[in-house]
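> Got a structure for you, questions after.
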Amino acid sequence: MTIAPVRQVVRVKATPPRAFALFTQEIGRWWPKGRTIGAQPHADIVMEPQPGGRWFERSADGAETDWGRVLDWNPPGRLLLAWHLNATFKFDPDFHTEVEILFAPAEGGTTEVTLEHRNLERFGASAADVAAKLGGGWPTMLGHYAEHVATN
Amino acid sequence: MANLSTALAALSDPTRRVIFERVAARPSAVGELARDLPVSRPAVSQHLRVLKDAGLVADTADGTRRIYRLDPRGIGAVRDWLDRFWAGALADFADYVETQQENQP
């Protein structure tokens, strides 16, 4: 089965090479504070600039929390990430969904950034698995997940 | 999720949970599920009916068979959240790019 991917488009005032660089190298500066999964707020977020590279956050005390991996690093046009957070928002090396970000040149030296988060149907199986282990129901886990994220 | 307690009750049965996990992992017909599990075909059908009534699985016709799959509405919560989440994150990114541009000499 497939669930329609999440797709978001935004226009940014920078050329694609610059948009790509800011998106990847300075993600720790634009990503909303407190909207991460580490025990402490993030001091930085790192995408290692090659396929297979790690994607993680680092808190001020140096603790690192993995988010996923870089699958394709192709500046200035395309970035493909593996989001290894499961339906309970925990890092799981055996579970991932894909996040693809495309940087397309637009008029006036701007860039149209298109983000697609796909394979969302995998969350269903993951949630069911977690629910089975915990003896609860997957709707409950999804509820906790949504709530956790909304309040964190 | 239309009715949380109905869904929880539906998943409280271990066999039903296994069937649900199978269906979540891969759309399946009743016969396929019955073949892979130590449960009779009528019993599988009965479990699927309960899961369907709970809004956890949906079925579609495929010739004479019915194919069961995860009900997309069930993981709508995750999708809705991600949609809002990425919209917010990208808006923050666009704002950040704009400030950086202003700071450029």
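> How much solvent-accessible surface does A:D92 expose, in Å² to the nearest 10, with a 1.4 Å probe and all protein chains in place?
40
> I need the peptides A:56-66, A:10-20 ranked by packing, meaning the mean over residues of other C-beta atoms within 10 angstrom, with the highest value on top.
On the way: A:56-66: 14.4, A:10-20: 20.0.
With the highest mean Cβ count within 10 Å placed first, the list reads A:10-20, A:56-66.
> Which order do peptides A:99-106, A:28-35 fall in by mean Cβ count within 10 Å, highest first?
A:99-106, A:28-35
> On the protein heavy atoms, probe 1.4 angstrom, tell me the percent of accessible surface of region A:1-67 carried by carbon and sulfur.
C and S fraction of accessible area: 50 percent.
> Chains A and B: how much accessible area gets covered up at their contact, both sides added, probe 1.4 Å, in Å² to the nearest hundred?
Rounded to the nearest hundred, the buried surface is 3900 Å².
> With every protein chain kept in the model, how would you rank B:S40, B:S28 by accessible area, 1.4 Å probe, largest at the top?
B:S40, B:S28
> Can you give the net charge of the other residues whose Cβ lies under 13 Å from the Cβ of B:V39, counting K and R as +1 and D and E as -1? Working shown, then result.
Working: positive: B:R16, B:R17, B:R22, B:R35, B:R41; negative: B:D13, B:E32, B:D36.
Result for the neighbourhood of B:V39: +2.
> So what's region A:1-110 giving for Cα Rg divided by 2.2 N^0.38 Å, two decimals?
Values: Rg = 14.6 Å, N = 110, 2.2 N^0.38 = 13.1 Å.
Expressed relative to 2.2 N^0.38 Å, the Cα Rg reads 1.11.
> Let me ask another. Quantify how strongly other chains surround peptide A:14-24 by giving the mean number of their Cβ atoms within 10 Å of each of its Cβ atoms.
Other-chain Cβ atoms within 10 Å of each residue's Cβ, averaged: 2.
The values are calculated or read from the model by the stated rules, or taken from the named source; none is laboratory data. Because the structure is predicted, anything quoted here is derived from the model rather than measured. Counting neighbours? That spans all protein chains shown, and the Cβs are built from the backbone with ideal geometry, glycine included. Heads up: the accessible areas ignore ligands, DNA and RNA and are worked out on the full protein's heavy atoms, side chains in. Shrake-Rupley method; radii C 1.70, N 1.55, O 1.52, S 1.80 Å.
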